Amino acid sequence: MSERITKDMARNIYFGGGIFAILIFVGLAFDSVHQIPKLSHTENITKSVVAGKKIWENNDCVGCHTLLGEGAYYAPELGNVFQRLGSSDETTFKAYMQGWMAAQPLNIPDRRKMPQFHLTPEQVNDLADFLIWTSKVNTQQWPPNIQG
Amino acid sequence: MKYSSQMVAKPYFIFALMLLAGEILFGLTMSIQYIYGDFAFPAIPFNVLRMVHVNLLIVLLLFGFMGSTYYLIPEEAERELWSPLLAKITFWVFLIAGVATILGYLLVPYAELAKLTMNDLWPTMGREFLEQPTITKIGIVFVVLSYLLNVTMTVLKGRKTTISIILLTGLFGLAFFFLFAFYVPDNLVMDKFFWWFVVHLWVEATWELILGALLAFVLVKLTGVDREHIDKWLYLIIAMTLIAGLAGTGHHFFFMGAPGYWLWIGSIASAAEPIPFFLMILFAYNMIKNRRIQDDNKMALTWAKGTAVVGFLGAGVWGFLHTLAPINYYTHGTQLTAAHGHLAFFGAYVMIIFTMISYAMPILRGRPHGNSAKAQKVERASFWLMVIGMIGLTLALTVAGVMQIEMQRIPDSAHAMVFMEVQAKITPVYIVRSLFGVMTLLGLLTYFYSFFVKDDKKVA
């Protein structure tokens, strides 16, 4: 097949196809940036959610957990942890989070260990708010079930 | 060696290989933590091990690309490197910054490192693969800029070939897309969206241009096929890379809050992403079949064929396995993703670095006809140990992923098993994975040993 294609033709396919692909991608990216605020409910990002995201980042939580399916695969998905362990109730979830974060690392031999991060109750509250906000992002019905 | 400034490539190659050894050691440690959660805990928690594991990979590939470029560009441009001194300075700056960052990960808790490096001034830390403190990221920008300056000036002042222009295009793309690492919006979805501009547009777009150019260079040198022919193949490969790979970014936008049309566009475009890798196999085997010279460095050709085949398997086949949205709905964020990541990075990128090292190092060490037959025999053993080790651990991770999907993802909420219970059931498979990891490490040690095999004075 390649015998019939000359170097000039191949170069034209590269430039033509490449520019076409860039235009399509940039166009769709612009549209996505326009739609993401609605799909993620940007209006609900409070100071506490922003602070919670910082805590998530500064402790490299994504180094063990996935969040909306992205991250490491060592520990459970947290995009829907609000529904799974907090029964979609803020008070329940926050109480759970305070207890859970304080109890780490669990003293169960050979179980995978979560470090103690020494967060203040206020920081845990922010982190919980961040996870609650995340759980409400429109993810096209992912994950398939409550186990994430 | 035609130009003395090509010699600057040598420390880059050696350091890249040392980093690879580190990467594998940290990977093995993680794999043991997967089985015994208390192993090395709390001294090094899993997230720190992983941070080191993936950062070493990125840095070793950058060192590998830089070494390869410094070797290739003078020969393509038919002149000495613009500034060998700058290349040497860049090496040491990058080395010191890299080592300091890794030590930072290991010696203080990550939150402490964020504080020490004043992350609050311009927060960029704590995102997968981009864990480096902001100051390190700025350092990387300077290192890459000085490298680009050096390479661009050499090309501008010398002969311009298709290979060198495409390599430069890839490198400029690499530099440009890294800048998105500095954009961290408060909206997690927006953050993730642009994070993929670095990660995907590196490994599934710009780096493929670099890979194609390096492979083409080695094939020109080892087969003697004329450039018209080689260049044509190279253009076709990178054309398919861009056509499939750019819109293919959409396969990461399925379930993280981006618009629904990505389910279609990402699926269709990325379904074509194996094509450039398949073309690379045809390319390598065709050129070798039509070769006009018999080079004594047989191992360089073996690595060239190997990177084409294993790159196709890891990036192409294992990528395609879960790239369609209806399938990815169940596989997203499972061990299957890890399986694909391991074989793709190894086959496409680590192996092209091995190809360049195996081609260039003997020449840099004063052996224009390649290493002795005895040394090449040892190297061939190392090739198979590493390739089988990596394919083995990928298969183990694939089994782990399928088990995870079966128990955790497919049943409904009332019947699905809890993550940690599923992981406990997968433990035997994780043991197999570790054993193949050990095999890969033995392969790398054998490769190191091949450097020290004495020349038996016989030309093969």
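The values are calculated or read from the model by the stated rules, or taken from the named source; none is laboratory data. Please read all numbers here as calculations on a predicted model, not as lab measurements. Every residue, glycine among them, receives a Cβ derived from its backbone with ideal geometry; neighbour counts consider all protein chains shown. These accessible areas exclude ligands, DNA and RNA; they are computed on the full protein's heavy atoms, side chains included. Shrake-Rupley method; radii C 1.70, N 1.55, O 1.52, S 1.80 Å.
Couple of notes before you dig in:
- Scanning region B:256-278 for residues that are open to solvent by less than 10 Å² (accessible area, probe 1.4 Å) and at the interface with chain A (Cβ under 7 Å from one of its Cβ atoms) yields a total of 4.
- Some residue of region B:161-169 being open to solvent by 30 Å² or more (accessible area, probe 1.4 Å) and assigned to a helix (DSSP H, G or I): yes
- Conditions (1) small (G, A, S); (2) more than 12 Å from chain B (Cβ to nearest Cβ); (3) free of Cβ contacts under 8 Å to residues at least 12 places away in the same chain: number failed by A:A128: (3)
- Selection from region B:332-341 of residues that are surrounded by 22 or more Cβ atoms within 10 Å (Cβ to Cβ) and more than 9 Å from chain A (Cβ to nearest Cβ): B:L336, B:A339, B:H340
Let's see how each residue does on (1) open to solvent by less than 10 Å² (accessible area, probe 1.4 Å); (2) closer than 25 Å to B:T355 by Cα; (3) without any contact (Cβ under 8 Å) to a residue 40 or more places away in the chain:
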| site | (1), (2), (3) |
| --- | --- |
| B:I32 | no, no, no |
| B:I35 | no, no, no |
| B:H53 | no, yes, yes |
| B:A111 | no, no, yes |
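- Selection of region A:37-63 for residues being of a type in the set (G, A, S) and free of Cβ contacts under 8 Å to residues at least 60 places away in the same chain yields only A:G63.
- Figure legend. Inter-residue proximity from region B:306-330: first residues assigned to a helix (DSSP H, G or I), second residues charged (D, E, K, R) and surrounded by fewer than 19 Cβ atoms within 10 Å (Cβ to Cβ), beta-carbon distance below 9 Å, spacing 6+ or different chains. No pairs are indicated.
- Members of region A:63-100 that are touching a Gly at 6+ places or on another chain (Cβ under 7 Å) and closer than 21 Å to A:E122 by Cα: A:G79, A:T92, A:F93, A:Y96
- Meets criteria (crowded, with 16+ Cβ neighbours inside 10 Å, at the interface with chain B (Cβ under 9 Å from one of its Cβ atoms) and outside any helix (DSSP H, G or I)) for A:P109: no
- Helices (runs of 4 or more DSSP H) contained in region A:1-91 and holding at least 3 residues closer than 30 Å to A:R111 by Cβ: A:47-58, A:81-86
- B:I431 being surrounded by fewer than 18 Cβ atoms within 10 Å (Cβ to Cβ), modelled with pLDDT of 95 or more and under 22 Å from A:C64 (Cα atoms): yes
- Per the conditions (1) part of a helix (DSSP H, G or I); (2) open to solvent by 30 Å² or more (accessible area, probe 1.4 Å), the sole criterion not satisfied by B:D296 is (1).
- Residue within region B:203-214 that is open to solvent by 10 Å² or more (accessible area, probe 1.4 Å), under 19 Å from the mean Cα position of the chain (by Cα) and within 8 Å of another protein chain (Cβ to nearest Cβ) present: no
- B:V399 free of Cβ contacts under 8 Å to residues at least 40 places away in the same chain, surrounded by fewer than 22 Cβ atoms within 10 Å (Cβ to Cβ) and β-branched (V, I, T): yes
- Pick from region A:64-102, criterion open to solvent by 50 Å² or more (accessible area, probe 1.4 Å) and over 20 Å from the mean Cα position of the chain (by Cα), ranking: farthest from the other protein chains (Cβ to nearest Cβ): A:T91
- Yes/no for B:Q408 being within 14 Å of chain A (Cβ to nearest Cβ) and part of a helix (DSSP H, G or I): yes
- A:I132 assigned to a helix (DSSP H, G or I) and not small (G, A, S): yes
- Count of region B:369-395 residues, restricted to those that are open to solvent by 30 Å² or more (accessible area, probe 1.4 Å) and more than 10 Å from B:T446 (Cα to Cα), is 8.
- Residue selected from region B:72-95 under the condition among the hydrophobic types (A, V, I, L, M, F, W, C) and closer than 24 Å to B:T161 by Cα, by the criterion most open to solvent (accessible area, probe 1.4 Å): B:W82
- Every condition in (1) acidic (D, E); (2) surrounded by fewer than 20 Cβ atoms within 10 Å (Cβ to Cβ); (3) in contact (Cβ under 8 Å) with a residue 60 or more places away in the chain is met by B:D120 except one, and the failing one is (3).
- Residue list for region B:185-194, restricted to those being of a type outside the set (S, T, N, Q) and surrounded by fewer than 22 Cβ atoms within 10 Å (Cβ to Cβ): B:P185, B:D186, B:M190, B:D191, B:F194
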